[in-house]
Amino acid sequence: MKILVTNDDGIRAKGIQLLARLLKPYGQVTVVAPSHAQSGMSLAIPLKRDEKIFSSEIIEEDGIFWQHIDTTPGACVKFALGRMFKEEKPDIIVSGINHGANTATAVCYSATLGAAAEGAINRIPAIGVSMDTGHPDADFSAVEHYFPRIFEALVERYKVVNPRDGIYYNINFPYLPTEKIKGIAAASMGRVHWCDEFVANPDGTWHLEGVRADDNDNVPDADHKLVDQGYISIVPHRIDSTDYQELSALKTIFPL
């Protein structure tokens with residue numbers, strides 16, 4: 001199996017270093033990740049033709065190939081597909097392990113999920129992996145324990161799910177000791193928003209912070225709710241975000 005790994009915390013982050021090692025038993029791992037943190041970039045790519053992008057040399061360490069690119073995670077995937085995997089696509093793309101949860105509507109901003117979405121756009125199986133802590137030296141023991149069986153199950157699922165459908169998976173781990181995790185749960189994307197997001201600095205500038213607030217229409221299997229309760233959540237996402245029920249209604253108003 002040919003596995004492409006990326007993230008949005010940068011190539012030196014503890015999460016991606018562990019993820020590459022966890023995936024090594026399953027095949028040939030190639031890491032193409034941002035040189036620096038790119039959180040909140042979603043599916044952003046550099047479109048300015050005069051914007052130069054630095055790429056490092058490819059380094060092989062313990063059977064894993066590493067390269068960092070001074071660009072967004074989505075663009076890292078594009079670069080890898082157009083260069084290292086030009087002749088033959090990877091079998092799967094895995095993005096993470098992100099230092100911080102990517103649950104609920106946070107996925108709209110997440111570059112971890114943006115990289116997975118780029119894989120799905122290219123009809124390649126793709127998975128995003130996150131843990132609910134921003135600590136740079138986080139304890140990933142629970143990921144080490146649970147991730148292999150989740151990965152194996154999703155690889156099997158992709159034998160049924162057609163990558164042409166643009167489906168990709170979003171896994172979130174609670175930040176708990178392994179023995180305190182309640183289990184693994186299939187989930188839906190929760191609904192939240194943020195309040196008081198821009199905070200003033202003494203010098204007159206601003207920084208983004210904010211407080212997460214739940215929307216009132218969350219269902220019991222909302223991913224952020226399950227993670228808060230101690231479950232590992234898995235949400236299936238799809239590139240096609242068309243609301244087909246509303247499309248049918250619109251066609252009665254605007255018939256072709």
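Structure values in brief
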{"item": "Among (1) touching a Gly at 6+ places or on another chain (Cβ under 7 Å); (2) over 21 Å from LEU154 (Cβ atoms) - the single one THR112 does not satisfy", "result": "(2)"}
{"item": "Residue satisfying condition, being out of contact with any helix residue (DSSP H, G or I) (no Cβ under 7 Å at 6 or more places or on another chain) and without any contact (Cβ under 8 Å) to a residue 60 or more places away in the chain, within set ALA117, ALA126, ALA153", "result": "ALA153"}
{"item": "Pick from the range 95-133, criterion within 19 Å of THR30 (Cα to Cα) and of a type in the set (Val, Ile, Thr), ranking: surrounded by the fewest Cβ atoms within 10 Å (Cβ to Cβ)", "result": "ILE124"}
{"item": "Selection status of ASP165, charged (D, E, K, R) and surrounded by 15 or more Cβ atoms within 10 Å (Cβ to Cβ)", "result": "no"}
{"item": "Pick from the range 1-39, criterion of a type in the set (Gly, Ala, Ser) and under 15 Å from the mean Cα position of the chain (by Cα), ranking: surrounded by the fewest Cβ atoms within 10 Å (Cβ to Cβ)", "result": "ALA37"}
{"item": "Candidate set: the range 40-54, residues that are closer than 23 Å to ILE124 by Cβ and in contact with a helix residue (DSSP H, G or I) (Cβ under 7 Å, 6 or more places away or on another chain); chosen: the one surrounded by the most Cβ atoms within 10 Å (Cβ to Cβ)", "result": "MET41"}
{"item": "GLY74, sole failed condition from (1) without any contact (Cβ under 8 Å) to a residue 60 or more places away in the chain; (2) in contact with a Gly (Cβ under 8 Å, 6 or more places away or on another chain); (3) outside any helix (DSSP H, G or I); (4) not polar (S, T, N, Q)", "result": "(3)"}
{"item": "Residue within the range 47-57 that is assigned to a loop (DSSP other than H, G, I, E, B), closer than 18 Å to ILE97 by Cβ and in contact with an Asp or Glu (Cβ under 9 Å, 6 or more places away or on another chain) present", "result": "no"}
{"item": "Odd one out for PRO174, checked against (1) modelled with pLDDT of 95 or more; (2) exposed (fewer than 14 other Cβ atoms within 10 Å of the Cβ)", "result": "(2)"}
{"item": "Cross-chain or 6+ apart pairs with Cβ under 8 Å, the range 202-227 first and on the phi > 0 side of the Ramachandran plot, then part of a loop (DSSP other than H, G, I, E, B)", "result": "GLY210/ASP196; GLY210/GLU197"}
{"item": "Among (1) over 20 Å from ILE11 (Cα atoms); (2) at pLDDT 95 or above; (3) not β-branched (Val, Ile, Thr); (4) not in a loop (DSSP other than H, G, I, E, B) - the single one GLU88 does not satisfy", "result": "(4)"}
{"item": "Residue in the range 68-76 that is more than 22 Å from GLN38 (Cα to Cα) and either surrounded by fewer than 23 Cβ atoms within 10 Å (Cβ to Cβ) or of a type in the set (A, V, I, L, M) (or both) present", "result": "no"}
{"item": "Check on SER95, polar (S, T, N, Q), farther than 23 Å from HIS193 by Cα, in a strand (DSSP E or B) and under 15 Å from the mean Cα position of the chain (by Cα)", "result": "yes"}
{"item": "Criterion: surrounded by 15 or more Cβ atoms within 10 Å (Cβ to Cβ) and of a type in the set (Lys, Arg) - qualifying residue of ARG238, ARG212, ARG191", "result": "ARG191"}
{"item": "Near pairs, Cβ below 9 angstrom, 6+ apart or cross-chain, from the range 131-147 (touching a residue at least 40 places away in the same chain (Cβ under 8 Å)) to any residue that is of a type in the set (S, T, N, Q) and surrounded by 15 or more Cβ atoms within 10 Å (Cβ to Cβ)", "result": "MET131/ASN98; MET131/ASN172; ASP132/THR103; ASP132/ASN172"}
{"item": "Test result for HIS145, outside any loop (DSSP other than H, G, I, E, B) and over 20 Å from ILE16 (Cβ atoms)", "result": "no"}
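The values are calculated or read from the model by the stated rules, or taken from the named source; none is laboratory data. Here the structure is a predicted model, which is why all the values come from computation and not from measurement. We place every Cβ from the backbone using ideal geometry, glycine too, and count neighbours over all the protein chains shown.
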